[in-house]
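Enquirer: Have a look at this one.
The values are calculated or read from the model by the stated rules, or taken from the named source; none is laboratory data. All values reported here derive from a predicted model rather than from experimental measurement. For neighbour counting, all protein chains shown are included, and Cβ atoms are generated from backbone atoms with ideal geometry for every residue, glycine included.
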Amino acid sequence: MSTRTLVSSVTCPHCWHEFPPAQVRFISEHEGLRGDAVLGDAAQLRFLPSRFDAQARAIDPLGAACTRLACKRCHLELPQPVIELPQTILSIVGAPACGKSVMLAAASFSLRSGLVVDGLDFLDADPTLNDLTVELESSLFRSSTPDQPTMIAKTDLSGRLYRSFRVDDASWTAPKPQLFVIGRNGERQLLALYDNAGEHFLPGRDLPHEPVTRHLAASRALVFVVDPTQDQRVIERLGGRETVQALGGAGSTEQRQDLVLIEAANRVRRLRQLGATERLPVRIVLALAKADIWGHLTTPQIKADFDDVPARNSVAVPSPAVLARVHAASADFLAAHMPELLATARTLDPELRIVPFSGLGQPPSRTATDSGLTIRPRDVRPVWPAAPLVVALGAARPELFPEFAQR
Ligand SMILES: Nc1nc2c(ncn2[C@@H]2O[C@H](COP(=O)(O)OP(=O)(O)OP(=O)(O)O)[C@@H](O)[C@H]2O)c(=O)[nH]1
Ligand SMILES: [Mg+2]
(Lines give C-alpha, C1' and ligand atoms only; values in the text may rest on other atoms or scores of the structure.)
(Ligands and ions follow the chains in the order given, each with its own letter.)
Protein backbone atom coordinates (compact mmCIF):
# COMPACT_ATOMS: atom_id res chain seq x y z
CA MET A 1 0.00 0.00 0.00
CA SER A 2 1.31 3.47 -0.80
CA THR A 3 1.95 5.84 2.06
CA ARG A 4 0.80 9.45 1.98
CA THR A 5 2.19 12.44 3.77
CA LEU A 6 -0.41 14.87 5.01
CA VAL A 7 0.00 18.60 5.52
CA SER A 8 0.06 19.68 9.17
CA SER A 9 -2.91 21.99 8.73
CA VAL A 10 -5.60 22.22 6.05
CA THR A 11 -7.04 25.56 4.91
CA CYS A 12 -10.39 24.95 3.27
CA PRO A 13 -10.37 26.70 -0.14
CA HIS A 14 -14.18 27.22 0.12
CA CYS A 15 -14.62 28.82 3.55
CA TRP A 16 -10.94 29.35 4.59
CA HIS A 17 -11.41 27.51 7.89
CA GLU A 18 -8.17 25.99 9.17
CA PHE A 19 -8.18 22.53 10.76
CA PRO A 20 -5.93 19.48 11.29
CA PRO A 21 -6.20 16.89 8.46
CA ALA A 22 -7.40 14.22 10.96
CA GLN A 23 -10.61 16.28 11.27
CA VAL A 24 -11.45 16.08 7.58
CA ARG A 25 -14.96 14.76 6.91
CA PHE A 26 -15.82 11.99 4.43
CA ILE A 27 -18.78 12.10 2.06
CA SER A 28 -21.08 9.11 2.55
CA GLU A 29 -21.78 6.87 -0.45
CA HIS A 30 -24.79 4.84 0.77
CA GLU A 31 -27.95 6.15 -0.86
CA GLY A 32 -29.81 5.85 2.44
CA LEU A 33 -27.66 8.64 3.84
CA ARG A 34 -29.04 11.57 1.88
CA GLY A 35 -29.39 14.82 3.85
CA ASP A 36 -26.69 16.87 5.57
CA ALA A 37 -27.12 19.40 8.38
CA VAL A 38 -24.82 21.94 6.69
CA LEU A 39 -25.51 21.44 2.97
CA GLY A 40 -29.21 20.55 3.05
CA ASP A 41 -31.51 17.68 2.10
CA ALA A 42 -30.14 17.03 -1.39
CA ALA A 43 -26.53 16.43 -0.28
CA GLN A 44 -25.03 13.17 0.97
CA LEU A 45 -24.27 13.09 4.71
CA ARG A 46 -20.76 14.19 5.72
CA PHE A 47 -19.22 12.26 8.63
CA LEU A 48 -16.07 11.87 10.74
CA PRO A 49 -15.13 8.22 10.19
CA SER A 50 -14.26 5.78 12.94
CA ARG A 51 -14.02 2.65 10.73
CA PHE A 52 -11.82 2.05 7.67
CA ASP A 53 -11.42 -0.91 5.31
CA ALA A 54 -8.14 -2.58 4.28
CA GLN A 55 -7.66 0.02 1.46
CA ALA A 56 -7.94 2.86 4.00
CA ARG A 57 -11.38 3.83 2.70
CA ALA A 58 -13.75 5.22 5.33
CA ILE A 59 -16.87 3.16 6.10
CA ASP A 60 -20.05 5.22 6.33
CA PRO A 61 -22.74 4.53 8.99
CA LEU A 62 -24.60 2.22 6.55
CA GLY A 63 -21.49 0.27 5.59
CA ALA A 64 -20.47 1.77 2.20
CA ALA A 65 -16.80 2.51 1.45
CA CYS A 66 -16.05 6.25 0.95
CA THR A 67 -13.09 8.14 -0.48
CA ARG A 68 -14.40 11.65 -1.16
CA LEU A 69 -13.39 14.32 1.38
CA ALA A 70 -15.16 17.39 2.74
CA CYS A 71 -14.36 20.41 4.90
CA LYS A 72 -14.97 20.11 8.62
CA ARG A 73 -16.86 23.42 8.71
CA CYS A 74 -18.63 24.09 5.40
CA HIS A 75 -18.86 20.38 4.35
CA LEU A 76 -18.06 21.27 0.71
CA GLU A 77 -16.01 18.69 -1.17
CA LEU A 78 -12.22 18.91 -1.01
CA PRO A 79 -10.03 17.41 -3.73
CA GLN A 80 -7.48 14.96 -2.30
CA PRO A 81 -4.44 17.28 -2.90
CA VAL A 82 -5.89 19.74 -0.33
CA ILE A 83 -4.78 17.45 2.50
CA GLU A 84 -1.50 16.42 0.86
CA LEU A 85 0.03 19.54 -0.70
CA PRO A 86 0.89 22.97 0.65
CA GLN A 87 -1.58 25.49 -0.69
CA THR A 88 -1.01 28.97 -2.09
CA ILE A 89 -3.99 31.27 -2.39
CA LEU A 90 -3.62 34.21 -4.77
CA SER A 91 -6.29 36.91 -4.64
CA ILE A 92 -7.18 38.52 -7.96
CA VAL A 93 -8.61 41.93 -7.10
CA GLY A 94 -9.79 44.82 -9.27
CA ALA A 95 -12.59 47.22 -10.16
CA PRO A 96 -15.57 46.10 -12.31
CA ALA A 97 -14.70 45.48 -15.98
CA CYS A 98 -10.95 45.92 -15.43
CA GLY A 99 -10.20 42.59 -17.16
CA LYS A 100 -9.99 40.01 -14.32
CA SER A 101 -12.00 37.25 -15.99
CA VAL A 102 -10.24 37.64 -19.34
CA MET A 103 -6.88 37.48 -17.51
CA LEU A 104 -7.89 34.37 -15.56
CA ALA A 105 -9.10 32.60 -18.70
CA ALA A 106 -6.04 33.57 -20.77
CA ALA A 107 -3.67 32.72 -17.92
CA SER A 108 -5.12 29.29 -17.08
CA PHE A 109 -5.40 28.42 -20.76
CA SER A 110 -1.78 29.32 -21.46
CA LEU A 111 -0.44 27.77 -18.24
CA ARG A 112 -1.93 24.45 -19.33
CA SER A 113 -0.11 24.71 -22.68
CA GLY A 114 3.29 24.36 -21.01
CA LEU A 115 4.63 27.38 -22.93
CA VAL A 116 4.55 29.90 -20.07
CA VAL A 117 7.60 28.92 -18.00
CA ASP A 118 10.12 26.14 -18.63
CA GLY A 119 9.51 22.99 -16.61
CA LEU A 120 6.19 24.04 -15.10
CA ASP A 121 3.43 21.42 -14.70
CA PHE A 122 -0.05 22.83 -14.32
CA LEU A 123 -3.11 20.60 -13.86
CA ASP A 124 -6.68 20.93 -12.62
CA ALA A 125 -6.91 19.57 -9.08
CA ASP A 126 -10.51 18.63 -9.80
CA PRO A 127 -12.03 19.28 -13.24
CA THR A 128 -15.62 19.29 -11.88
CA LEU A 129 -14.79 22.05 -9.42
CA ASN A 130 -12.87 24.03 -12.06
CA ASP A 131 -15.84 24.18 -14.43
CA LEU A 132 -15.75 27.97 -14.20
CA THR A 133 -12.27 28.38 -15.71
CA VAL A 134 -12.94 25.59 -18.18
CA GLU A 135 -16.02 27.50 -19.32
CA LEU A 136 -14.22 30.86 -19.44
CA GLU A 137 -11.41 29.31 -21.48
CA SER A 138 -13.71 27.59 -23.91
CA SER A 139 -15.47 30.78 -24.98
CA LEU A 140 -12.37 32.69 -26.15
CA PHE A 141 -9.45 30.28 -26.21
CA ARG A 142 -10.79 26.82 -27.11
CA SER A 143 -13.81 27.74 -29.13
CA SER A 144 -15.29 25.16 -31.47
CA THR A 145 -16.48 28.09 -33.62
CA PRO A 146 -13.33 30.26 -33.85
CA ASP A 147 -14.82 32.59 -36.48
CA GLN A 148 -17.90 33.37 -34.41
CA PRO A 149 -17.29 36.66 -32.51
CA THR A 150 -17.81 36.29 -28.74
CA MET A 151 -16.83 37.77 -25.36
CA ILE A 152 -16.56 36.66 -21.73
CA ALA A 153 -19.61 37.84 -19.78
CA LYS A 154 -19.46 40.11 -16.78
CA THR A 155 -18.97 38.03 -13.61
CA ASP A 156 -22.26 37.62 -11.72
CA LEU A 157 -22.50 38.89 -8.16
CA SER A 158 -24.41 35.80 -7.04
CA GLY A 159 -25.72 32.55 -8.52
CA ARG A 160 -23.99 29.52 -9.86
CA LEU A 161 -20.42 30.81 -9.37
CA TYR A 162 -21.09 30.73 -5.62
CA ARG A 163 -22.11 28.07 -3.11
CA SER A 164 -24.20 28.20 0.04
CA PHE A 165 -23.94 26.33 3.32
CA ARG A 166 -25.38 26.70 6.84
CA VAL A 167 -23.12 27.12 9.84
CA ASP A 168 -24.10 28.36 13.30
CA ASP A 169 -27.71 28.87 12.23
CA ALA A 170 -26.74 31.28 9.48
CA SER A 171 -26.58 30.85 5.74
CA TRP A 172 -23.23 31.65 4.07
CA THR A 173 -22.26 32.22 0.45
CA ALA A 174 -18.74 31.79 -0.89
CA PRO A 175 -17.24 31.87 -4.40
CA LYS A 176 -16.16 28.63 -6.04
CA PRO A 177 -12.39 28.20 -5.84
CA GLN A 178 -10.47 27.21 -8.94
CA LEU A 179 -7.80 24.72 -7.83
CA PHE A 180 -4.68 23.71 -9.71
CA VAL A 181 -1.74 21.47 -8.90
CA ILE A 182 1.48 23.15 -9.98
CA GLY A 183 4.87 21.49 -10.01
CA ARG A 184 8.38 22.71 -10.72
CA ASN A 185 11.94 22.10 -9.45
CA GLY A 186 10.67 19.01 -7.60
CA GLU A 187 8.16 21.12 -5.61
CA ARG A 188 4.42 20.51 -5.81
CA GLN A 189 1.76 22.89 -4.59
CA LEU A 190 -1.92 23.52 -4.75
CA LEU A 191 -2.87 26.90 -6.22
CA ALA A 192 -6.27 28.41 -5.36
CA LEU A 193 -7.69 31.28 -7.45
CA TYR A 194 -11.08 33.00 -7.32
CA ASP A 195 -12.91 35.06 -9.93
CA ASN A 196 -14.90 37.71 -8.07
CA ALA A 197 -17.17 40.32 -9.56
CA GLY A 198 -15.41 43.70 -9.31
CA GLU A 199 -18.32 45.11 -7.29
CA HIS A 200 -17.35 42.77 -4.43
CA PHE A 201 -14.20 44.82 -3.89
CA LEU A 202 -15.90 48.20 -3.71
CA PRO A 203 -16.01 49.85 -0.28
CA GLY A 204 -19.04 48.73 1.79
CA ARG A 205 -19.57 45.51 -0.17
CA ASP A 206 -18.11 43.03 2.34
CA LEU A 207 -21.31 41.55 3.80
CA PRO A 208 -21.02 39.44 6.98
CA HIS A 209 -22.57 36.25 5.58
CA GLU A 210 -21.32 36.63 2.06
CA PRO A 211 -17.63 36.19 2.64
CA VAL A 212 -17.02 36.44 -1.09
CA THR A 213 -13.67 38.20 -0.72
CA ARG A 214 -12.54 36.47 2.45
CA HIS A 215 -9.75 34.70 0.54
CA LEU A 216 -7.94 37.95 1.38
CA ALA A 217 -7.55 36.54 4.90
CA ALA A 218 -5.51 33.59 3.67
CA SER A 219 -3.82 34.74 0.46
CA ARG A 220 -0.07 35.06 -0.01
CA ALA A 221 -0.20 37.69 -2.74
CA LEU A 222 -2.61 40.20 -4.21
CA VAL A 223 -2.73 40.41 -7.97
CA PHE A 224 -4.33 43.83 -8.28
CA VAL A 225 -5.62 44.20 -11.82
CA VAL A 226 -5.45 47.86 -12.88
CA ASP A 227 -7.24 49.08 -15.97
CA PRO A 228 -5.44 52.31 -16.90
CA THR A 229 -8.13 53.01 -19.50
CA GLN A 230 -10.66 53.59 -16.70
CA ASP A 231 -8.75 56.65 -15.52
CA GLN A 232 -9.89 60.01 -16.87
CA ARG A 233 -6.30 61.26 -17.36
CA VAL A 234 -5.44 58.25 -19.52
CA ILE A 235 -8.77 58.49 -21.35
CA GLU A 236 -7.90 62.06 -22.37
CA ARG A 237 -4.54 60.98 -23.78
CA LEU A 238 -6.29 58.26 -25.75
CA GLY A 239 -8.79 60.56 -27.45
CA GLY A 240 -11.81 60.60 -25.13
CA ARG A 241 -14.23 58.20 -23.44
CA GLU A 242 -16.15 57.11 -26.54
CA THR A 243 -13.00 56.24 -28.46
CA VAL A 244 -11.65 54.22 -25.53
CA GLN A 245 -14.98 52.49 -24.87
CA ALA A 246 -15.09 51.29 -28.48
CA LEU A 247 -11.78 49.48 -27.81
CA GLY A 248 -12.94 47.63 -24.65
CA GLY A 249 -11.70 50.21 -22.15
CA ALA A 250 -13.07 53.02 -19.98
CA GLY A 251 -15.59 50.85 -18.08
CA SER A 252 -19.11 52.19 -17.50
CA THR A 253 -18.41 54.54 -14.60
CA GLU A 254 -15.13 56.08 -13.55
CA GLN A 255 -13.62 54.11 -10.66
CA ARG A 256 -11.06 55.42 -8.21
CA GLN A 257 -8.90 52.32 -8.52
CA ASP A 258 -6.61 53.49 -5.70
CA LEU A 259 -9.64 53.35 -3.37
CA VAL A 260 -10.37 49.77 -4.44
CA LEU A 261 -6.77 48.89 -3.54
CA ILE A 262 -7.02 50.62 -0.15
CA GLU A 263 -10.28 48.80 0.55
CA ALA A 264 -8.65 45.44 -0.28
CA ALA A 265 -5.69 46.25 1.99
CA ASN A 266 -8.06 47.28 4.79
CA ARG A 267 -9.91 43.98 4.44
CA VAL A 268 -6.59 42.11 4.69
CA ARG A 269 -5.79 44.02 7.88
CA ARG A 270 -9.25 43.54 9.38
CA LEU A 271 -9.46 39.84 8.59
CA ARG A 272 -5.97 39.18 10.00
CA GLN A 273 -6.38 41.55 12.92
CA LEU A 274 -3.32 43.61 12.01
CA GLY A 275 -2.55 47.04 13.41
CA ALA A 276 -2.75 50.06 11.11
CA THR A 277 1.04 50.41 10.93
CA GLU A 278 1.95 46.72 10.63
CA ARG A 279 3.33 45.62 7.28
CA LEU A 280 0.88 43.69 5.13
CA PRO A 281 1.76 39.98 5.07
CA VAL A 282 0.92 39.79 1.36
CA ARG A 283 2.97 40.71 -1.66
CA ILE A 284 1.36 43.01 -4.22
CA VAL A 285 1.63 42.75 -7.99
CA LEU A 286 -0.02 45.44 -10.09
CA ALA A 287 -1.23 43.72 -13.26
CA LEU A 288 -1.79 46.48 -15.81
CA ALA A 289 -4.51 45.18 -18.14
CA LYS A 290 -5.40 45.98 -21.76
CA ALA A 291 -1.90 47.15 -22.69
CA ASP A 292 -2.96 46.77 -26.34
CA ILE A 293 -4.89 50.05 -25.82
CA TRP A 294 -2.45 52.17 -23.77
CA GLY A 295 0.91 50.42 -24.29
CA HIS A 296 2.14 53.06 -26.78
CA LEU A 297 1.89 55.82 -24.12
CA THR A 298 4.84 54.56 -22.04
CA THR A 299 8.49 55.41 -22.57
CA PRO A 300 10.02 53.26 -23.83
CA GLN A 301 6.90 51.87 -25.43
CA ILE A 302 5.69 48.62 -23.89
CA LYS A 303 3.88 48.12 -27.15
CA ALA A 304 7.23 47.61 -28.87
CA ASP A 305 8.04 44.77 -26.47
CA PHE A 306 4.65 43.29 -27.25
CA ASP A 307 5.09 43.51 -30.98
CA ASP A 308 8.53 41.91 -30.72
CA VAL A 309 7.24 38.69 -29.20
CA PRO A 310 6.79 35.98 -31.78
CA ALA A 311 3.10 34.92 -32.00
CA ARG A 312 3.82 31.40 -30.84
CA ASN A 313 5.62 32.70 -27.77
CA SER A 314 3.35 35.53 -26.74
CA VAL A 315 2.07 33.65 -23.69
CA ALA A 316 5.56 32.97 -22.29
CA VAL A 317 6.60 35.01 -19.27
CA PRO A 318 9.27 37.44 -20.53
CA SER A 319 12.82 37.20 -19.19
CA PRO A 320 13.66 38.86 -15.85
CA ALA A 321 15.51 41.58 -17.84
CA VAL A 322 12.42 42.41 -19.93
CA LEU A 323 10.22 42.24 -16.81
CA ALA A 324 12.52 44.75 -15.10
CA ARG A 325 12.37 47.08 -18.13
CA VAL A 326 8.58 47.01 -18.41
CA HIS A 327 8.25 47.40 -14.64
CA ALA A 328 10.25 50.63 -14.84
CA ALA A 329 8.33 51.92 -17.87
CA SER A 330 4.99 51.06 -16.19
CA ALA A 331 6.04 52.76 -12.94
CA ASP A 332 6.91 55.96 -14.88
CA PHE A 333 3.59 55.76 -16.71
CA LEU A 334 1.66 55.40 -13.43
CA ALA A 335 3.68 58.20 -11.82
CA ALA A 336 2.69 60.49 -14.69
CA HIS A 337 -0.99 59.46 -15.01
CA MET A 338 -2.16 57.68 -11.85
CA PRO A 339 0.30 58.83 -9.18
CA GLU A 340 -2.00 58.19 -6.20
CA LEU A 341 -2.44 54.55 -7.22
CA LEU A 342 1.34 54.04 -7.50
CA ALA A 343 1.98 55.78 -4.19
CA THR A 344 -0.70 53.72 -2.42
CA ALA A 345 0.63 50.46 -3.80
CA ARG A 346 4.23 51.34 -2.89
CA THR A 347 3.23 52.24 0.66
CA LEU A 348 1.45 48.90 1.03
CA ASP A 349 4.34 46.90 -0.44
CA PRO A 350 7.71 48.63 -0.95
CA GLU A 351 8.77 45.65 -3.08
CA LEU A 352 5.79 46.09 -5.35
CA ARG A 353 6.04 44.55 -8.83
CA ILE A 354 4.28 45.95 -11.89
CA VAL A 355 3.52 43.68 -14.86
CA PRO A 356 1.63 44.88 -17.96
CA PHE A 357 -0.28 42.35 -20.06
CA SER A 358 -3.09 42.02 -22.57
CA GLY A 359 -5.57 39.19 -22.20
CA LEU A 360 -6.93 39.61 -25.73
CA GLY A 361 -3.84 41.00 -27.48
CA GLN A 362 -5.97 43.38 -29.51
CA PRO A 363 -9.15 45.39 -28.98
CA PRO A 364 -12.56 43.79 -29.45
CA SER A 365 -15.02 45.56 -31.72
CA ARG A 366 -18.73 46.10 -32.26
CA THR A 367 -20.17 44.10 -35.14
CA ALA A 368 -23.70 45.57 -34.94
CA THR A 369 -24.69 48.91 -33.44
CA ASP A 370 -26.89 47.36 -30.74
CA SER A 371 -24.51 44.55 -29.74
CA GLY A 372 -21.71 44.57 -27.18
CA LEU A 373 -18.01 44.30 -27.96
CA THR A 374 -16.86 40.97 -29.30
CA ILE A 375 -13.79 39.38 -30.87
CA ARG A 376 -13.28 36.32 -33.06
CA PRO A 377 -11.55 33.61 -31.00
CA ARG A 378 -9.25 33.15 -34.00
CA ASP A 379 -7.96 36.73 -33.56
CA VAL A 380 -7.27 36.46 -29.83
CA ARG A 381 -3.53 36.53 -29.11
CA PRO A 382 -2.90 37.11 -25.40
CA VAL A 383 0.42 38.72 -24.57
CA TRP A 384 2.05 37.77 -21.23
CA PRO A 385 -1.36 36.83 -19.74
CA ALA A 386 0.07 34.60 -16.99
CA ALA A 387 3.05 36.82 -16.15
CA PRO A 388 1.30 38.68 -13.27
CA LEU A 389 0.34 35.36 -11.64
CA VAL A 390 3.79 33.84 -12.11
CA VAL A 391 5.49 36.95 -10.68
CA ALA A 392 3.08 36.89 -7.72
CA LEU A 393 3.78 33.20 -7.16
CA GLY A 394 7.53 33.88 -7.41
CA ALA A 395 7.21 36.59 -4.75
CA ALA A 396 5.09 34.38 -2.49
CA ARG A 397 6.90 31.07 -3.13
CA PRO A 398 10.46 31.72 -4.32
CA GLU A 399 11.25 27.96 -4.36
CA LEU A 400 8.93 27.51 -7.36
CA PHE A 401 10.16 30.42 -9.47
CA PRO A 402 13.55 31.51 -8.15
CA GLU A 403 14.33 33.45 -11.36
CA PHE A 404 11.24 35.65 -10.91
CA ALA A 405 11.46 36.00 -7.12
CA GLN A 406 13.76 39.02 -7.13
CA ARG A 407 12.95 42.36 -8.60
N1 LIG B 1 -8.74 46.00 -25.59
C2 LIG B 1 -8.89 45.08 -24.64
N3 LIG B 1 -10.07 44.97 -24.01
C4 LIG B 1 -10.19 44.03 -23.03
C5 LIG B 1 -9.11 43.17 -22.66
N6 LIG B 1 -9.53 42.37 -21.67
C7 LIG B 1 -10.81 42.71 -21.40
N8 LIG B 1 -11.22 43.70 -22.24
C9 LIG B 1 -12.54 44.36 -22.28
O10 LIG B 1 -12.94 44.62 -20.94
C11 LIG B 1 -14.20 44.00 -20.67
C12 LIG B 1 -14.25 43.50 -19.24
O13 LIG B 1 -13.35 42.42 -19.09
P14 LIG B 1 -13.61 41.31 -17.97
O15 LIG B 1 -12.45 40.38 -17.97
O16 LIG B 1 -14.96 40.73 -18.10
O17 LIG B 1 -13.56 42.24 -16.66
P18 LIG B 1 -13.76 41.81 -15.15
O19 LIG B 1 -12.72 42.50 -14.36
O20 LIG B 1 -13.86 40.33 -15.02
O21 LIG B 1 -15.18 42.50 -14.82
P22 LIG B 1 -16.25 42.09 -13.69
O23 LIG B 1 -16.56 40.64 -13.88
O24 LIG B 1 -17.40 43.00 -13.97
O25 LIG B 1 -15.63 42.40 -12.37
C26 LIG B 1 -14.34 42.91 -21.70
O27 LIG B 1 -15.70 42.68 -21.98
C28 LIG B 1 -13.61 43.47 -22.90
O29 LIG B 1 -14.48 44.29 -23.66
C30 LIG B 1 -7.87 43.31 -23.38
O31 LIG B 1 -6.89 42.60 -23.14
N32 LIG B 1 -7.83 44.29 -24.35
MG1 LIG C 1 -15.28 39.08 -14.37
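Enquirer: More than 17 Å from residue 268 (Cβ to Cβ) and within 16 Å of ligand 1 (Cβ to nearest atom): does that describe residue 182?
Expert: In short, no.
Condition check ((1) assigned by TED's automatic domain parsing to the domain that holds residue 226; (2) touching a residue at least 12 places away in the same chain (Cβ under 8 Å); (3) of a type in the set (Gly, Ala, Ser); (4) part of a loop (DSSP other than H, G, I, E, B)) across all residues:
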| site | (1), (2), (3), (4) |
| --- | --- |
| 346 | yes, no, no, no |
| 354 | yes, yes, no, no |
| 360 | yes, yes, no, yes |
| 368 | yes, no, yes, yes |
| 371 | yes, no, yes, yes |
| 389 | yes, yes, no, no |
| 394 | yes, no, yes, no |
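Enquirer: Can you tell me which residues in the stretch 212-236 are away from ligand 1 (no atom under 14 Å from the Cβ) and more than 14 Å from the chain's Cα centre (by Cα)? It would help to see each step written out before you state the result.
Expert: First pass over the stretch 212-236, keeping only residues away from ligand 1 (no atom under 14 Å from the Cβ): 214-222, 231-233, 236.
Within the stretch 212-236, 217, 231, 232, 233, 236 qualify.
Enquirer: Now for a different question. Taking the stated definitions as given, is residue 239 more than 24 Å from the chain's Cα centre (by Cα) and either assigned by TED's automatic domain parsing to the domain that holds residue 99 or not in a loop (DSSP other than H, G, I, E, B) (or both)?
Expert: Values: more than 24 Å from the chain's Cα centre (by Cα): yes; either assigned by TED's automatic domain parsing to the domain that holds residue 99 or not in a loop (DSSP other than H, G, I, E, B) (or both): yes.
For residue 239, the condition - more than 24 Å from the chain's Cα centre (by Cα) and either assigned by TED's automatic domain parsing to the domain that holds residue 99 or not in a loop (DSSP other than H, G, I, E, B) (or both) - is met.
Results for (1) acidic (Asp, Glu); (2) modelled with pLDDT of 95 or more; (3) out of contact with any Cys (no Cβ under 8 Å at 6 or more places or on another chain); (4) surrounded by 18 or more Cβ atoms within 10 Å (Cβ to Cβ), shown as yes or no for each residue.
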site: 303; (1), (2), (3), (4): no, no, yes, yes
site: 306; (1), (2), (3), (4): no, no, yes, yes
site: 309; (1), (2), (3), (4): no, no, yes, no
site: 313; (1), (2), (3), (4): no, no, yes, no
site: 320; (1), (2), (3), (4): no, no, yes, no
site: 324; (1), (2), (3), (4): no, no, yes, no
site: 335; (1), (2), (3), (4): no, yes, yes, no
site: 340; (1), (2), (3), (4): yes, yes, yes, no
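Enquirer: Pull out all pairs, ordered by first then second residue, where Cβ-Cβ is under 7 Å, the residues are six or more apart or on different chains, the first lies in the stretch 93-114 and is within 20 Å of residue 126 (Cβ to Cβ), and the second is near ligand 2 (Cβ under 8 Å from one of its atoms).
Expert: Pairs that qualify, where the first residue is within 20 Å of residue 126 (Cβ to Cβ) and the partner is near ligand 2 (Cβ under 8 Å from one of its atoms), are 104/195; 105/152.
Enquirer: Look through 204, 248 and report the one residue that is surrounded by fewer than 19 Cβ atoms within 10 Å (Cβ to Cβ) and on the phi > 0 side of the Ramachandran plot.
Expert: Values: 248 fails: surrounded by fewer than 19 Cβ atoms within 10 Å (Cβ to Cβ).
Answer to the selection: 204.
Enquirer: Somewhere in the stretch 249-260, is a residue in a helix (DSSP H, G or I), within 21 Å of the chain's Cα centre (by Cα) and of a type in the set (Asp, Glu)? Steps first, answer last, please.
Expert: Here is the first cut: in the stretch 249-260, the residues in a helix (DSSP H, G or I) are 257-260.
Imposing the further condition that a residue be within 21 Å of the chain's Cα centre (by Cα) reduces the set to 257-260.
Subsequent filtering for residues that are of a type in the set (Asp, Glu) retains 258.
Yes.
Enquirer: What strands (runs of 3 or more DSSP E) lie completely within the stretch 27-100 and have 1 or more residues being β-branched (Val, Ile, Thr), assigned by TED's automatic domain parsing to the domain that holds residue 374 and within 16 Å of ligand 2 (Cβ to nearest atom)?
Expert: Working: elements: 34-36, 40-44, 87-93.
Fully inside the stretch 27-100 and qualifying: 87-93.
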